[in-house]
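Presented below is the structure to which this report refers.
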Amino acid sequence: MQIRPGIHWVGVRDPDLEIFDVVIPTEYGTTYNSYVLEADEPVLIDGVKKEFEEEWFAKLEQVIDLAELRHVVVNHTEPDHSGSIKELLRRAPHVIVHGTRPALQFLSEQVNMDFQKRIVGENDVLDLGNRRLRFIMAPFMHWPDTMWTFLEGEGVLFTCDGFGSHFCFPEGKILASQQEVDFTGAVEYYFEKIMGPFRGKVQEALPKLVGLELDLIATGHGPILDVDVERFIKLYDEWSRVGHSPERKRIVVAYASAYGHTKRMAELIAEGAAGNPLVDVLLLDAAQADPDAVAEAVSSFDALIVGSPTINADAVYPVWRVLEAVSAITAKGKAAAVFGNYGWSGEAVALLEERLEKMRLVVGHPPLKVRFGLTAEDEERCRAMGAAVAESIT
Ligand code: FEO
């Protein structure tokens with residue numbers, strides 16, 4: 001299907017997908033969008049998931065003889081897009097693959113075979129003769145390998161995951177303008193799940209679109225944005241600003257409590273931190289919060305303080321779930337602290353500290369453990385911990 005003159009969608013639909021990336025429910029299935037650009041030197045932009053490669057090759061070969069294909073652009077190499085590239089390289093070993101340094105490294109390790117490659121950087125151009133592609137770096141949207149590809153003079157931007165949605169459009173209706181339902185919620189859900197941990201990176205990438213006069217965003221998943229392009233860019237800007245205030249710092253105090261003592265510690269730590277006028281504090285009861293609330297809470301912070309009682313010589317599951325939701329990439333180097341109430345041995349605090357350090361957060365404040373009921377002195381130690389962590393980041 002041509003989405004613009006000489007630009008063919010050769011993607012596939014996956015309406016039955018229920019879980020993406022092991023953990024993300026996908027209520028509306030998804031699509032893996034792939035494009036062929038006609039030119040003096042034809043180019044393929046992104047592939048599809050391996051399971052769909054035969055369907056993909058059938059579509060691909062309807063629009064181009066693989067012997068004529070000259071270039072492949074990989075905007076991102078998560079296997080839902082790169083899974084079919086190995087077979088393509090077998091069938092068309094003459095192509096040159098263009099991608100960022102990490103993308104080509106990842107792809108090399110995925111295909112385990114030699115291929116012709118060209119590492120590209122910010123504003124590098126691929127001259128196709130009668131058309132020109134320009135590469136825009138968008139690292140960590142949502143892998144370190146990610147870039148966008150701009151078709152100069154025609155206002156078309158190929159973004160792979162960026163601005164995409166797990167929304168399987170009806171057969172033959174691949175454009176946003178053809179949808180009969182509003183899929184904005186699916187774009188937002190996708191943003192939250194995939195880009196949410198990288199809001200700062202989204203903020204770094206969006207200004208690069210200013211002045212491009214975009215007419216169409218060819219995403220890697222879901223409907224191709226041929227309408228409302230500006231609206232979706234503004235929404236990405238709005239969503240990625242949540243929790244970001246350069247003037248104020250954000251501390252998340254996340255805890256679970258068996259008999260209320262760890263909860264009391266959390267409240268006092270939050271109180272101590274909130275005494276700092278430059279700090280916003282979010283107190284999160286991990287045992288009560290749903291997974292979306294946990295993910296939202298830890299999607300952006302300047303300091304993370306986690307507390308757990310010790311049960312069965314361990315921290316409790318709701319608290320581990322909080323740490324699972326933390327991005328080890330964006331949280332690296334951020335301040336952290338641990339606390340907990342216990343009765344006998346109190347292993348939870350040390351285990352949490354170890355995990356945070358392995359995630360390369362900086363546990364700069366000594367762990368705070370309190371056995372059974374809190375004394376007035378314990379209460380003061382809790383407030384002091386909150387205040388100290390706040391001071392360390394302001
Ligand atoms: Fe759609 Fe990050 O892969």
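Within 22 Å of THR31 (Cα to Cα) and either away from the ligand (no atom under 16 Å from the Cβ) or out of contact with any Pro (no Cβ under 9 Å at 6 or more places or on another chain) (or both): which single residue out of HIS142, HIS81 fits that description?
HIS81
So if I check each of SER108, SER177, which one is without any contact (Cβ under 8 Å) to a residue 60 or more places away in the chain, within 24 Å of the chain's Cα centre (by Cα), over 22 Å from LYS201 (Cα atoms) and more than 16 Å from the ligand (Cβ to nearest atom)?
SER108
Mind listing whichever residues of the stretch 237-289 are open to solvent by less than 60 Å² (accessible area, probe 1.4 Å), among the aromatic types (Phe, Trp, Tyr) and at pLDDT below 95?
Matches in the stretch 237-289: TRP239 only.
Quick check on my filter: what residues within the stretch 361-394 are in a loop (DSSP other than H, G, I, E, B) and in the same structural domain as ALA328 (by TED's automatic domain parsing)?
Result: LEU361, GLY364, HIS365, PRO366, PRO367, PHE372, GLY373, LEU374, THR375.
Would you confirm whether or not the stretch 210-226 contains a residue that is under 30 Å from THR375 (Cβ atoms), of a type in the set (D, E, K, R) and touching a residue at least 60 places away in the same chain (Cβ under 8 Å)?
So far as the stretch 210-226 goes, no, none of its residues is under 30 Å from THR375 (Cβ atoms), of a type in the set (D, E, K, R) and touching a residue at least 60 places away in the same chain (Cβ under 8 Å).
Could you grab the pairs with beta carbons closer than 7 Å, sequence gap of 6+ or different chains, first residue in the stretch 14-41 and assigned by TED's automatic domain parsing to the domain that holds LYS173 and in contact (Cβ under 8 Å) with a residue 24 or more places away in the chain, second one open to solvent by less than 20 Å² (accessible area, probe 1.4 Å) and of a type in the set (Ser, Thr, Tyr)?
Pairs that qualify, where the first residue is assigned by TED's automatic domain parsing to the domain that holds LYS173 and in contact (Cβ under 8 Å) with a residue 24 or more places away in the chain and the partner is open to solvent by less than 20 Å² (accessible area, probe 1.4 Å) and of a type in the set (Ser, Thr, Tyr), are ASP14/THR30; ASP14/THR31; ASP14/TYR32; LEU17/THR26; LEU17/THR30; PHE20/THR26; PHE20/THR30; ASN33/THR219.
In the set GLU152, GLU171, which member is touching a residue at least 60 places away in the same chain (Cβ under 8 Å), more than 16 Å from the ligand (Cβ to nearest atom), open to solvent by 30 Å² or more (accessible area, probe 1.4 Å) and assigned by TED's automatic domain parsing to the domain that holds TYR32?
GLU171
The values are calculated or read from the model by the stated rules, or taken from the named source; none is laboratory data. Everything numeric here is computed off the predicted structure, so don't read it as measured data. Ideal geometry is used to build each Cβ from the backbone, glycine not excepted, and the neighbour counts take in all protein chains shown. Side chains included, ligands, DNA and RNA excluded: accessible areas come from the protein's heavy atoms. Shrake-Rupley method; radii C 1.70, N 1.55, O 1.52, S 1.80 Å.
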